[in-house]
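Asker: Pasting a structure here, questions to come.
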Amino acid sequence: MFTFVAVTLFSTAFMMAVGTIAWMFLHYHDKMVAALLFQPIPQDAPVYHVRIRRPRVVPSARRATLPLPSGVLAA
């Protein structure tokens, strides 16, 4: 008699567990798939390296001659 009661209780508990797992899988299937496909947001911010190019002015080959101010004697 004890064996029959133990088997009945164990079987009932096992069937309830299987039923609960199946019920949760059917009701939360979409959320489980979304959680598995979710890609977490990275914690460190992306760093952008911007290179600013300013081409330098190339000096001309000839030198400009400036007129001397009046009052200055050329030696």
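Asker: Would you mind counting up the charge near residue 38? Only other residues with Cβ under 14 Å from its Cβ, with Lys and Arg at +1 and Asp and Glu at -1.
Answerer: With Lys, Arg at +1 and Asp, Glu at -1, the net is 0.
Asker: Hand me the chymotrypsin sites (Phe, Trp or Tyr not before Pro) from region 9-57 located in a DSSP loop with no more than 13 other Cβ atoms within 10 Å, in residue order please.
Answerer: Filter output for region 9-57: 28, 38, 48.
FYI, it's all coordinate maths here, none of it is from the lab. The model shown is predicted, which means the values in this text are computed figures rather than measured ones. Quick reminder, even Gly has a Cβ in these numbers, built from the backbone with ideal geometry, and neighbours come from all protein chains shown.
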